[in-house]
Amino acid sequence: MKRWQRLGLLFWLGTATITPALLPPVAHAQMDEPVDPRAEKLLNDFLSALTSNQADMDAAIKAALPHLHKSLLAPGGGDVTRDLRSFSFKKAWQNAQFYAQPVKITRIRKTGTTAIGFRETAEKGKVIDYFVGKKEGINGMPAPVKIFFPDDGSAPKISYVGSL
């Protein structure tokens, strides 16, 4: 009985080391659709707004406002919501320096979202995740940034800053 257990273990170890060699290589970029040049420009402009104001988060917010969807803005549109300021925007502002500029889009993933916002900020369209790669020599995974494309064909906007 012990002999069969040992053989089973040897078989398992052998397949665990051989199997990865038999698998096809992983593609470097997964694109559900081609890169939209408007989205690429939006991401470049957004990262530029964050990195050119590294010492002043309020200035970074003011520079980033034109690139954000209205559902992320505080009433009146002159600022972001308090939660966004305290959490995801703050993190994006602090970490933007680690991402490639011009942006390196490593993946595009369609989502099932067909509308965003609530009441006066509600808008129909589609949300697509654009994954932004880090600078050369900086470790870490690419960060997803959600970009909203309105049904009416107007300019896309960032609807979630993801994990920048």
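Filtering region 26-70 to residues that are surrounded by fewer than 16 Cβ atoms within 10 Å (Cβ to Cβ) and among the aromatic types (Phe, Trp, Tyr) leaves nothing. Residues that are within 20 Å of Lys110 (Cα to Cα) and among the small types (Gly, Ala, Ser) were ranked within region 12-48; the one that is modelled with the lowest pLDDT is Ala27.
Look at Phe87 and say whether it is over 17 Å from the mean Cα position of the chain (by Cα) and surrounded by fewer than 15 Cβ atoms within 10 Å (Cβ to Cβ).
Details: over 17 Å from the mean Cα position of the chain (by Cα): no; surrounded by fewer than 15 Cβ atoms within 10 Å (Cβ to Cβ): yes.
It is false that Phe87 is over 17 Å from the mean Cα position of the chain (by Cα) and surrounded by fewer than 15 Cβ atoms within 10 Å (Cβ to Cβ).
Within region 112-136, being under 16 Å from the mean Cα position of the chain (by Cα) and closer than 24 Å to Asp83 by Cα holds for Thr113, Lys126, Val127, Ile128, Asp129, Tyr130, Phe131, Val132.
Looking across region 30-55, the residues that are touching a residue at least 40 places away in the same chain (Cβ under 8 Å) and in a helix (DSSP H, G or I) come down to Arg38, Ala39, Glu40, Leu42, Leu43, Asn44, Phe46, Leu47, Ser48, Leu50, Thr51. Filtering Phe131, Phe89 for residues that are touching a residue at least 24 places away in the same chain (Cβ under 8 Å), not polar (S, T, N, Q) and not in a helix (DSSP H, G or I) leaves a single hit, Phe131.
The set of residues in region 137-164 that are over 12 Å from the mean Cα position of the chain (by Cα) and in a loop (DSSP other than H, G, I, E, B) comprises Gly137, Ile138, Asn139, Gly140, Asp151, Asp152, Gly153, Ser154, Ala155, Pro156.
Residue under question is Val103, and the condition is that it be in a loop (DSSP other than H, G, I, E, B), surrounded by 15 or more Cβ atoms within 10 Å (Cβ to Cβ) and touching a residue at least 24 places away in the same chain (Cβ under 8 Å); does it hold? Considered against the rule, which asks whether it is in a loop (DSSP other than H, G, I, E, B), surrounded by 15 or more Cβ atoms within 10 Å (Cβ to Cβ) and touching a residue at least 24 places away in the same chain (Cβ under 8 Å), Val103 comes out as yes.
The values are calculated or read from the model by the stated rules, or taken from the named source; none is laboratory data. Here the structure is a predicted model, which is why all the values come from computation and not from measurement. Cβ coordinates were reconstructed from backbone atoms using ideal geometry, including for glycine residues, and neighbour counts include every protein chain displayed.
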